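A short worksheet on the structure shown next.
The values are calculated or read from the model by the stated rules, or taken from the named source; none is laboratory data. These numbers were taken from a predicted model, which means no experiment stands behind them. Cβ atoms come from the backbone with ideal geometry, glycine included; neighbour counts cover every protein chain shown.
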Amino acid sequence: MDHTTALALKITAFLAVLAVVLLAAFALGHRGAARNGEQTITLAGQGKVTVVPDRATASLGVQVTKPDAKGAMAEADSLQGKVIAALLAAGVEKSDIRTSGLDLQPEYDYEGRGKPTITGYTVTQTVKVTMKDLKKAGDVLSAAAEAGGNATRINDFKLSVGDKDEAMGEARDKAIADARKKAQQFAKAADRELGKVIRITETGSDSGPQPYAQMYAEDSMVTANALKSAPIEPGEQKLSISVKVVWELR
């Protein structure tokens, strides 16, 4: 056997041994991963709490239609200024009033077979208002309706909770406890025990405000009086959190 042939045989033998070692390592790693997978359990849990809304938000504004854009804008500016002044006088903080919309659109006459003609312009201005004292919300809306007259528009009125941290924390605790209760039940069925928590993931939450119907001030004085006298009942709001928890199984 010459030197070249002997060297080739040695290389072949080395590669064969290396292949066996790699296959064995892969098999051991695969079995280890399987064992690790069998040693954990993952369960989802949900927690809910009930809270009472303590504030309200709404979009307040005016809508004006005039033959020309300049006139419509000027009157809308004037009326919206009165609405904002009324909000401030009713106790709303300036920082709780934010411009949320300004829209100028032409009005068309589509009668006849000819090209539609512009008959005027409509301007809509809105501000988003946060009313932190729910007991005064009716008075605030009434003041806005009276100041804006028949042009007043009140939309997107919602009730919400100002500080949700404590309530959401309680819901989170309930969600984790719910997941643990389920995991303990499964572990008991498998004659195992729960070990340490490996991972907790918050998978979702629902804490949105409660919407109310929109309102229009077709008769400013009637609407203002109605808003002032109508009680705003906060009711209750559900807050919920969902979690997914992974435990070690012993």
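Summed over the stretch 45-98, residues that are out of contact with any helix residue (DSSP H, G or I) (no Cβ under 8 Å at 6 or more places or on another chain), surrounded by fewer than 19 Cβ atoms within 10 Å (Cβ to Cβ) and among the hydrophobic types (A, V, I, L, M, F, W, C) total 4. Where strands (runs of 3 or more DSSP E) fall entirely within the stretch 88-185, those with at least 1 residues that are free of Cβ contacts under 8 Å to residues at least 40 places away in the same chain are at 97-109, 117-131.
Which residues, taken from the stretch 55-81, are under 22 Å from the mean Cα position of the chain (by Cα) and either among the β-branched types (Val, Ile, Thr) or not assigned by TED's automatic domain parsing to the domain that holds Tyr121 (or both)? Hit for the stretch 55-81 is Thr57, nothing else.
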